[in-house]
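Structure record follows, encoded as structure tokens.
The values are calculated or read from the model by the stated rules, or taken from the named source; none is laboratory data. From a predicted model like this one, the values you see are computed outputs, not experimental measurements. Note that we place each Cβ from the backbone using ideal geometry, even for glycine, and neighbour counts take in every protein chain shown.
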């Protein structure tokens, strides 16, 4: 089964960029890379997904390594509302609804004011 | 567009009872997935329904079941409740096919406590 490796926790200051890393060395074929986050007392929230090239949306950017074995979620200017657990979903387990998402432990992001 | 809604938000049941949880997906979404979240096991996939058919199932005992109606609303049922079933039950909806199937939208969850 595809696995991901993320740091257990990271800390950043408000209004500074945050780079959340994820290793997914078993990625293969056309597996997409997905990120979700879960704010306190809420359900998970889709953040971004990508395949080969870097992706941007209103929430974040996703930088994908050339060999696709790692990716980095970038929050350009973190706010206190970005404090959450960030999940990098193992490629291959992210086939949308059909296969279900596999959530690991994620990275607990702490934002200091 | 309204988000995913789940009812009830909180529930307390006794061991041995059964419970039914409800989920209304985002309008136009045909796929509904259910997840269980506990402090020890994290988020775990229960099952997914698309057009009233169960497409996939996670590794949970048969006491956990679900169904989907023609309007895409879904229910999950847990029979013979055990203390270990105490958890946050999350429902997620998505379009279910094509590229957009990757984006799942989660509801706020139902907090089930079994005593």
Exception for residue A:31 within (1) in a loop (DSSP other than H, G, I, E, B); (2) at the interface with chain B (Cβ under 10 Å from one of its Cβ atoms) falls at (2)
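Of everything in the range B:2-26, what is part of a strand (DSSP E or B) and touching a helix residue (DSSP H, G or I) at 6+ places or on another chain (Cβ under 9 Å)? Give them in sequence order.
B:13, B:19 - these are the residues of the range B:2-26 that are part of a strand (DSSP E or B) and touching a helix residue (DSSP H, G or I) at 6+ places or on another chain (Cβ under 9 Å).
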Among residues of the range A:44-61 being surrounded by fewer than 13 Cβ atoms within 10 Å (Cβ to Cβ) and either at pLDDT 90 or above or not in a loop (DSSP other than H, G, I, E, B) (or both), the residue farthest from the other protein chains (Cβ to nearest Cβ) is A:54
Taking the range B:42-54 and the residues there that are over 15 Å from residue A:103 (Cα atoms) and buried (at least 17 other Cβ atoms within 10 Å of the Cβ), the one that is nearest to the other protein chains (Cβ to nearest Cβ) would be B:48
Those residues of the range B:3-25 which are surrounded by 13 or more Cβ atoms within 10 Å (Cβ to Cβ) and within 12 Å of chain A (Cβ to nearest Cβ) amount to B:3, B:4, B:5, B:6, B:23, B:25
Being more than 24 Å from residue B:33 (Cβ to Cβ) and part of a loop (DSSP other than H, G, I, E, B) narrows A:25, A:41, A:12 down to just A:25
Quick count over the range A:1-28, residues being away from every other protein chain (no Cβ under 14 Å) and either free of Cβ contacts under 8 Å to residues at least 60 places away in the same chain or within 27 Å of residue A:80 (Cβ to Cβ) (or both), is 18
Reported set for the range B:55-70 where residues are closer than 15 Å to residue B:94 by Cβ and surrounded by fewer than 21 Cβ atoms within 10 Å (Cβ to Cβ) is B:55, B:56
Could you say whether any residue in the range A:65-86 is in contact (Cβ under 8 Å) with a residue 24 or more places away in the chain, buried (at least 19 other Cβ atoms within 10 Å of the Cβ) and facing chain B (nearest Cβ under 10 Å)?
yes
